[in-house]
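The values are calculated or read from the model by the stated rules, or taken from the named source; none is laboratory data. As the structure is a computational prediction, the values presented were derived from the model and not from experiment. Positions of Cβ are backbone-derived with ideal geometry, glycine not excepted, and every protein chain shown enters the neighbour counts. For the accessible areas, the whole protein counts, side chains as well, though only heavy atoms, and no ligand, DNA or RNA atoms are used. Shrake-Rupley method; radii C 1.70, N 1.55, O 1.52, S 1.80 Å.
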Amino acid sequence: MTRVFMAEQPPGPKARKLAAVKGMNDIFPPESAQWEWFEQQVRDIMGVYAYGSIRTPIVEHTQLFVKGTGETTDIVEKEMYSFEDRLNGEQLTLRPENTPGVVRAAIEHNLTYDGGKRLYYLGPMFRHERPQRGRYRQFYQLGTEAIGFAGPEMDAEVIVLASHLLQRLGLPGVRVELNSLGLAAERQQHRAALIAYFERHAGLLDADAQRRLHTNPLRILDTKNPAMQAMVDAAPQLLGFLGEASLKHFDTVKQLLNVSGVPWSVNPRAVRGLDYYSHTVFEFITDELGAQGTLCGGGRYDGLFELLGGKPTPAVGWGMGIERVLELVRVRGHAVASAVPDAYAIVPELAGFPVAFQTLRALRSAGVSVQMHAGAQEGMGSMKSQFKRADASGARFALVFGAGELAQGLVTVKSLRDGTGAQLTRVLGDVAAWAGTLQSQT
Ligand code: ATP
Ligand code: MG
C-alpha cells in the first residue's frame, strides 16, 4: 500500500517560498569554482602522499556516534540530527563526523588484514549548532585516517600532510598546536589529580563544570568561561604525568615536524576529553577568522577500534573544516579564477545548429571548452546580442556558424580578447587540425 503524506497547508492564498534549512548552504558559481579548486588540490596532495579515498554512508546507526564520538561530548549531548527509521524503528543519525564511520567500515571489511591503510574522505557533516560565520549545520570536512599504524612517524606524517595542503592552498603560517595525552594509565593519574584540584576549587566551578567534574573533568579545561580561566590555567597538566615512552613518542613527532619545516608549539590545555585518544593531539589555528579559528583538529585514537568491537588497531587522523579554509583563502585575498570557455559558438540561424553541434562535439573531444549560444526560443537574437553574450562569457574566441560560411564548409573564428578583432576562416572538415589553436597555452 502506498501511503500519501499531505504537506500541511500554509495559511494564505500563496504558498510560502521554500528556503534552505537554516545553517545549510547552497554553493553555486562562481563560488563553486573555489570548491572545485580545493578538491583538486586535495586529490593532488593525497596522490603524492599515497592516501586512498574512502566513502562511507552519511547516515549511520545512532549508537555508532554515542559510542564512537562519546556520550559526554557536545556533539552527542546536543548536536546530532537523529531520527527513527519509519519502517523498522532503527535509530539513525546524520553523521556529525566521519571517524566513527571509517572505523566501523574498517572493522566491517577487515581493511587492515594486510597492513595499515592511509585513507581520506571529503563530504558533508551535520551538527545542530547555532549558525554563525564558520559554523554551520551542514558543513564539509576533509579528513585523513591512517589506520593500523602505531608509531610516532605516522602522527607526524598526517600533520605534515595537513600543513603541506594549507601551503599549497596559499595559506602558510597557520599555527600548529600540539599536546600529548600519553597512555590510559598516565591519564588516570592525571585525572585523579585534576578532580582533587577542581574539588579544592569547587566554589569557582560553573554548572557545566560541576556536571563534568566526575564524568569528564578534562573537558573542564576546555571552558570558555572567563571567570574560570585563572583557576583552569593553574590546574595540574597532563604532560607532567607522562612516562618515558610517551615522552619519547612525543619528542619523535616534534623532531619529524622540525625536519619537515612545520613550526609547532605545545599547548598543554589542548585536550580531547575522550578516553580512546592517546599520545599526540593537535589543532591548526588561525587568528584571522574571529572566533571560529580552528581549521583542523585531530589526534591518535588507539582505543577506538576496540571500543567499536574491532581488534585493537592503532590509528591517527584529523578533520578539517572546508568552509573555514575557504573563508581564509578569501580573507587573505586570493582570488580563484572561475573557468572561462575557450570559445563561444555564435549561431545566427536555427538552421546552423546541426553543423554547430557536430563541430562542437569534435572540438570538445579535442579538449576545447565551448559555450554554445542558446537562443532558438527568441529567434536566435541579433548578431550584436550574440556577440555581447560571447564577450560576457570570457571566451577568447567566437566561432560564427553563419549560413554563408556553412555553405562553403567553413566557420569564422574571431579573436575577442587580444584587441585585434582578427578573424579567419577554418575548414569544418579539418576540426581536429585547428582545434588546438583555440586552447590557451598553459
Ligand atoms: P569547534 O571547537 O570549532 O566546535 P570541534 O572541536 O567541534 O570544533 P572537530 O569535531 O574537531 O571540531 O572538527 C574538525 C573541524 O571541522 C574543526 O576544526 C572545524 O574546522 C570544522 N567544524 C567543526 N564544526 C563545524 C561547524 N559546525 N561548521 C563548520 N565547520 C565546523
Ligand atoms: Mg564543535
*Looking only at region 117-128, and only at residues there that are over 22 Å from Q41 (Cα atoms) and open to solvent by 30 Å² or more (accessible area, probe 1.4 Å), the one that is farthest from ligand 2 (Cβ to nearest atom)*: H128
*What is the residue count in region 245-294 for residues that are of a type in the set (G, A, S), open to solvent by less than 20 Å² (accessible area, probe 1.4 Å) and more than 16 Å from ligand 2 (Cβ to nearest atom)?*
2
*Has region 153-161 got at least one residue that is farther than 24 Å from P172 by Cβ and either buried (at least 19 other Cβ atoms within 10 Å of the Cβ) or within 16 Å of ligand 2 (Cβ to nearest atom) (or both)?*
no
*Run down G116, G134, G70, G148 and say which single residue is of a type outside the set (D, E, K, R), at positive phi, away from ligand 1 (no atom under 16 Å from the Cβ) and in the same structural domain as G319 (by TED's automatic domain parsing).*
G148
*Can you name every residue in region 201-246 that is under 16 Å from T280 (Cα atoms) and either over 32 Å from the mean Cα position of the chain (by Cα) or free of Cβ contacts under 8 Å to residues at least 40 places away in the same chain (or both)?*
Q237, G240, F241, L242, G243, E244, A245
*asked:* Looking only at strands (runs of 3 or more DSSP E) that lie completely in region 50-107, which have at least 3 residues being open to solvent by 20 Å² or more (accessible area, probe 1.4 Å) and without any contact (Cβ under 8 Å) to a residue 24 or more places away in the chain?
replied: 81-84
*With the condition kept exactly as written, say whether any residue in region 384-393 is surrounded by fewer than 18 Cβ atoms within 10 Å (Cβ to Cβ), out of contact with any Pro (no Cβ under 9 Å at 6 or more places or on another chain), over 25 Å from P30 (Cβ atoms) and acidic (D, E).*
no
*Can you find a residue in region 295-313 that is of a type outside the set (V, I, T), assigned to a helix (DSSP H, G or I), at pLDDT 95 or above and open to solvent by less than 50 Å² (accessible area, probe 1.4 Å)?*
yes
